[in-house]
Amino acid sequence: MVKHFIYICVVVLILTGCRALPEGTGTNAELPEHPQLLWEHRHNVRTVASPLAYNGMILFCDKHGEMRGLDTDTGEEQLSLSLGSDMEASFTIEDSTLYVGMIDGQVRSLSLTDGSEQWSYETEGQIAATPVLTTINGQRRLFVGSYDNYMYTLSPQTGKLIHRVETGYYINGTVALWQHYAIFGGCDAWVRIVDGATGESTDSLKLDAYIPASPVVVGDNAYVADYRGDIYELTFSDGRIVSHRKLLTASDDDGGMLSVPVVTDDAVFLLTPNRRLVCLSRKDGQEKWHVALKGETGESSPVLVDERLLVCTKTGVVTIHDATTGQQLWEYETGEQIIAQPVVGEDRFYIQTARGTLLCFGEKER
């Protein structure tokens, strides 16, 4: 049986702890009421990119660029594909075509039908971010940042360069989209807005520390975390930042804010460097509640599913919390480091550990 999934892709850069996530605040899928481990797949190769659900399979790619697709019901391997180079970025799929950035700086498009390469584009730095697809003025566009300090806009059909924008340092975060604009930050601490149609930089704002992750766009606002632990709210109009405020000020300078907040109509949920899951009022930034987590928080961001938060700590503890109160409802210790984002389906969810274990949780039939 083919299941339908809503997912959030995550990529991660191990060497600097930088982190990226495309636009998104949650999922319309469902978590099981009483999760149990249904199956696990161990391939024992370091894996930091988040898995992705596609066509009845859960796809994952290890650090050496070996991709596998497992049947979502049984965990049996259905697909195997070598990408030909090391990778840490998560990938995007559209119409049986895979788009991925590689450590060697290549952005590649491959057919999932036969594994053939359709095109490749070479940047001059490694890719740590997920390529993002959108349509602007009736034309498909592919956005991706590189460690050569450029954000690229490519044609997803041909790989041809449409335009590129230079920044002051590495780009780790995946591009977020607002109308026809690309919003992204980088290790130079600047948030930038680029017109996706023209490639023109329309505005920018410097934060207090470098930006390891993607902004989250909700309506005309974006929420951005810097590495120090500050959370900013930016308001856009006509391609510009018309106002901004610091919703949360870090309590110290230890740093370590790597994950992406989850934003709803009235709340912002985030993992702080001091091992806490925190809920803030979106209106005034006041804390509604917080809970202490077992182990260090890291790159994996929380996922909001039907008023419940699915959380993975770097030390391998997976928990589910009530989004209204923070109360812990469920816990599972994997015993392995977790960096990747969970994937949630209609009635199950998947956890990818850095050691190379993919875990499937759901309701067992009685």
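The values are calculated or read from the model by the stated rules, or taken from the named source; none is laboratory data. Note that the coordinates shown come from a computational prediction; the quantities given were computed from them, not determined experimentally. Every residue, glycine as well, gets a Cβ built from its backbone with ideal geometry; the counts of neighbours run over all protein chains shown. Heads up: the accessible areas ignore ligands, DNA and RNA and are worked out on the full protein's heavy atoms, side chains in. Shrake-Rupley method; radii C 1.70, N 1.55, O 1.52, S 1.80 Å.
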Exercise. Filter segment 144-200 down to the residues that are touching a residue at least 60 places away in the same chain (Cβ under 8 Å) and of a type in the set (A, V, I, L, M), then identify the one that is surrounded by the most Cβ atoms within 10 Å (Cβ to Cβ).
Key: Val175
Practice problem: With the checklist (1) assigned to a strand (DSSP E or B); (2) more than 20 Å from the chain's Cα centre (by Cα); (3) among the hydroxyl-bearing types (Ser, Thr, Tyr) in hand, flag the one item Tyr223 doesn't pass. | Solution: (2)
Practice problem: Show the residue pairs that are 6+ apart or on different chains and have beta-carbon atoms under 6 Å apart, the first residue being within segment 255-282 and closer than 13 Å to Leu309 by Cα, the second being buried (at least 17 other Cβ atoms within 10 Å of the Cβ) and among the polar types (S, T, N, Q). | Solution: Val262/Thr25; Val263/Thr25; Leu271/Ser259; Leu271/Thr297; Val278/Thr272
Quiz prompt | In segment 321-333, the residues that are over 11 Å from Leu293 (Cβ atoms) and buried (at least 20 other Cβ atoms within 10 Å of the Cβ) | solution = Ala323
Quiz prompt | Single residue of Thr325, Thr315, Thr319, Thr297 found to be in a strand (DSSP E or B) and hydroxyl-bearing (Ser, Thr, Tyr) | solution = Thr319
Practice problem: Tally the residues that are assigned to a strand (DSSP E or B) and open to solvent by less than 10 Å² (accessible area, probe 1.4 Å), restricting the search to segment 246-268. | Solution: 4
Practice problem: Look at segment 37-51 and say how many of its residues are open to solvent by less than 20 Å² (accessible area, probe 1.4 Å) and either closer than 18 Å to Gly362 by Cβ or free of Cβ contacts under 8 Å to residues at least 24 places away in the same chain (or both). | Solution: 1
Quiz item: When you go through Thr315, Thr334 one by one, which is the residue that is touching a residue at least 24 places away in the same chain (Cβ under 8 Å), farther than 21 Å from Val268 by Cα and among the polar types (S, T, N, Q)?
Solution: Thr334
Practice problem: Specify the residue that is farthest from Ile338 (Cα to Cα); the eligible residues are those in segment 79-124 that are of a type in the set (Gly, Ala, Ser) and open to solvent by less than 10 Å² (accessible area, probe 1.4 Å). | Solution: Ser109
